[in-house]
Amino acid sequence: MQSLLEFCRTYDCFAAEYTFQRGALSRHEVALEIPDIEILRGAGLLLRYHLAFPGFDLGHPDPVRAREAVEFYLFCLRVVAELGGDRVTLHIGLDRALRGRVDYAAAVDGLRELTETGEGLGVRVCLENLRLGRTGDPRQFQALLAQSGAFATLDVGHAYAREAASAVPGCALDFIPRCNGRLLGAHVYEIEAAVHPGGPARHMAPRDLTAIRPLLDAMVWETSCDWWLVELMDAGEMADTLQLLRRYQDEIRIAGGASVQAAGKLHPNEKEIA
């Protein structure tokens, strides 16, 4: 925890997105993280929350499991609200074992319930686009937002990975209009790709912003998105990317664009800023 706060002080980064332990399978495991979150809040960090639980998928083909997922996320929403949080990001189809079997009708129903409950708690629920599945397709992502009423978090690296895989120029940029003014946040890095052919995919840090600048420009000039998470696992890469984005923001401010809060990612498993 101390290394997290030291990074924040060093790089003047006092906004972060907290990812609860991905492997959590019970409410108790989520509750165990509350003391650490309170320490971060007490240190002055502005926190938003990332709910990435492969074990709880709103689109599980088993209706019982799908309902369990809704109840689990409802619990998480209440935890976030009690912590003073106002925004969460979640997913549909995150569990790789469910690929090709996701029940999107059930997912929409569950997401709609979460969105409506979140509004009552003062917490906006955002759906993130993934590389695979319907959330990776701009048109289908738009339909899921419209049917559920959810807000959106745009994962830049996922969008560009989908564009590369589909060989459809402009696919990534097409997410912007299809969010229908509901884009609140973004996960910013260059692309999610395998370092070696056939190997596991990882988030790649940009050396410069050339490849992703069209999407950054569109978010600044065409949306009210005000939260950019640098979603990288290496502290050095994250620091370098923060500096790239801050220089970019300086250019935007000079040009009269809106300001954006650049945030770091807090991942409890690594106990470091990631």
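The values are calculated or read from the model by the stated rules, or taken from the named source; none is laboratory data. Bear in mind the structure is a predicted one, so any value in this text is a computation, not a measurement. Because the Cβ atoms are built from the backbone with ideal geometry, glycine has one as well, and the counts that use them run over all protein chains shown. Just the protein is used for accessible areas: all its heavy atoms, side chains included, with ligands, DNA and RNA removed. Shrake-Rupley method; radii C 1.70, N 1.55, O 1.52, S 1.80 Å.
Does Asp57 qualify as being modelled with pLDDT under 95, in contact with an Asp or Glu (Cβ under 8 Å, 6 or more places away or on another chain) and either open to solvent by 10 Å² or more (accessible area, probe 1.4 Å) or of a type outside the set (Val, Ile, Thr) (or both)?
Against the criterion (modelled with pLDDT under 95, in contact with an Asp or Glu (Cβ under 8 Å, 6 or more places away or on another chain) and either open to solvent by 10 Å² or more (accessible area, probe 1.4 Å) or of a type outside the set (Val, Ile, Thr) (or both)), Asp57 does not qualify.
Cβ-Cβ under 6 Å, sequence separation 6+ or interchain: first residue in the range 145-173 and free of Cβ contacts under 8 Å to residues at least 40 places away in the same chain, partner of a type in the set (Ser, Thr, Tyr) and open to solvent by less than 40 Å² (accessible area, probe 1.4 Å). Which pairs?
Pairs found: Gly149/Thr115; Ala150/Thr115.
The conditions are (1) aliphatic (A, V, I, L, M); (2) open to solvent by less than 10 Å² (accessible area, probe 1.4 Å); (3) free of Cβ contacts under 8 Å to residues at least 24 places away in the same chain, and Val195 fails exactly one of them. Which is it?
(2)
What number goes with the only condition from (1) part of a helix (DSSP H, G or I); (2) of a type in the set (Gly, Ala, Ser); (3) open to solvent by 10 Å² or more (accessible area, probe 1.4 Å) that Ala69 does not pass?
It is condition (3) that Ala69 fails.
Just one of Trp227, Trp221 is in contact with a Gly (Cβ under 9 Å, 6 or more places away or on another chain) and closer than 14 Å to Glu128 by Cβ; which is it?
Values: Trp221 fails: closer than 14 Å to Glu128 by Cβ.
On inspection, the qualifying residue turns out to be Trp227.
Listed residues Leu145, Leu154; which is part of a strand (DSSP E or B) and crowded, with 18+ Cβ neighbours inside 10 Å?
Leu154
Listed here are the residues, each with its yes/no results for (1) outside any strand (DSSP E or B); (2) modelled with pLDDT of 95 or more; (3) among the aliphatic types (A, V, I, L, M); (4) within 27 Å of Asp36 (Cα to Cα).
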{"residue": "Arg65", "(1), (2), (3), (4)": "yes, yes, no, no"}
{"residue": "Arg78", "(1), (2), (3), (4)": "yes, yes, no, yes"}
{"residue": "Ala81", "(1), (2), (3), (4)": "yes, yes, yes, yes"}
{"residue": "Ala97", "(1), (2), (3), (4)": "yes, no, yes, no"}
{"residue": "Gly100", "(1), (2), (3), (4)": "yes, no, no, no"}
{"residue": "Ala107", "(1), (2), (3), (4)": "yes, yes, yes, no"}
{"residue": "Gly110", "(1), (2), (3), (4)": "yes, yes, no, no"}
{"residue": "Thr117", "(1), (2), (3), (4)": "yes, yes, no, yes"}
{"residue": "Leu127", "(1), (2), (3), (4)": "no, yes, yes, yes"}
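In the range 95-142, which residues are open to solvent by less than 70 Å² (accessible area, probe 1.4 Å), touching a Gly at 6+ places or on another chain (Cβ under 7 Å) and over 30 Å from Ala193 (Cβ atoms)?
Hits for the range 95-142 are Ala106, Thr115, Val123.
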